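The values are calculated or read from the model by the stated rules, or taken from the named source; none is laboratory data. Nothing here was measured: the structure is a model prediction, and the numbers come from that model. Because the Cβ atoms are built from the backbone with ideal geometry, glycine has one as well, and the counts that use them run over all protein chains shown. When the accessible area is computed, the model is the full protein with side chains, heavy atoms only, and any ligands, DNA or RNA have been set aside. Shrake-Rupley method; radii C 1.70, N 1.55, O 1.52, S 1.80 Å.
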Amino acid sequence: LLLSDGAPNVDETMPEDLRALARTLRGTACISTLGFGEQHSEDHLGAIADGGGGLYHFIQSPIESDHGFVRALGSHADVVAEGVDVCLAPAPGVSVETVLGGPKSQFSSKGLEIAMPDLRAGRAEHLVVRLAVAPPADTGPWQPMKLTVGHRSVGRTQRHEEALAPLLPVKHHDGAPV
C-alpha cells in the first residue's frame, strides 16, 4: 500500500513508466495507492495502482484515511484472478479499430493482446472494442474472431487460458449481407 502525494522525484517520473514498473511486481505483490493532499498526482498514483493490480483512492482529510486504508486493503482480499488478458484474433474481413477505455494493448503473432485489471469477486470488468467488419457473402453462423482469456489464480504462477468462439448469424437483406 503506497501512501503518497504522487509527485515522483527519483528515477522514473512518467505515469506510464511507473505503471510498467508496478506491473513487474504483479504475481508477487499487489499495489494500491492512497493520494494525500490537494496537489497530489492522480495520474501517477492511478498508473501505479493500475499497473500493480490494485486500486487508487484520494484521501481528502486525515479523518478519511482510515476508510481509504480499509477499502484499499480489502480490495486485495477480493482478487480472484490476476494477470488477466484477452487476446482477439479477428477473422478475415474483420479489423480492430479501437480499444475503448485505454487498457494497454499490443499486437502479437496470436492477435491483439489486451491487459485487463485483476478480477475481483462480485465486480464486473468490461472490454469495449470497435471493429470494422466486412461480413461474409454466405448466410448462417459466422465467427468474426477467436477470443482467448488468460489469467493466474491468486498467488499462483501457472496460467490458465480459455478459448471462446463467438458465432453471429449472417442474413441477407435485398441481396446484401447484414
TODO: Relative to the longest principal axis of the C-alpha atoms of the chain, give the angle of the C-alpha long axis of helix 42-51, reported between 0 and 90° and rounded to the nearest 10°.
DONE: 60
Open item on the list: Which of Ala20, Ala165, Ala89 ends up with the largest GNM mean-square fluctuation for the chain, with Cα atoms connected below 10 Å?
Closed with: Ala165
Task: Amide H contacts of Met116 (H built 1.01 Å from N, under 5 Å, at least 5 apart or other chain) - done: Val84, Asp85, Val86
Task: Of every Cα-Cα pair in the chain, the percent that sits beyond 21 Å - done: 58
- [ ] With springs only between Cα atoms under 10 Å apart, run a GNM on the chain and tell me which of Phe36, Phe58, Phe107 wobbles the most.
- [x] Phe107
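Show me the trypsin sites (Lys or Arg not before Pro) within segment 86-172 that DSSP assigns to loop and that have at most 15 other Cβ atoms within 10 Å of their Cβ.
Those satisfying the criteria are Lys110, Arg123, Arg156, Lys171.
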TODO: Identify all aspartates and glutamates with a Cα-Cα distance to Lys110 below 16 Å; exclude those on the same chain that are fewer than 8 residues away in sequence.
DONE: Asp85, Glu161, Glu162
Task: Proportion of all alpha-carbon pairs of segment 80-162 beyond 16 Å (%) - done: 58
Task: the chain: angle of helix 62-77 to the longest principal axis, Cα-based, in degrees nearest 10 - done: 40
- [ ] Give me the distance in nm between label points sitting 7 Å out from Cα along the Cα-to-Cβ direction at Gln158 and Val80, one decimal.
- [x] 2.0
Task: Solvent-accessible area per residue for the chain (1.4 angstrom probe, square angstrom) - done: 61
Task: the chain, accessible surface, carbon-and-sulfur percent (1.4 angstrom probe) - done: 56
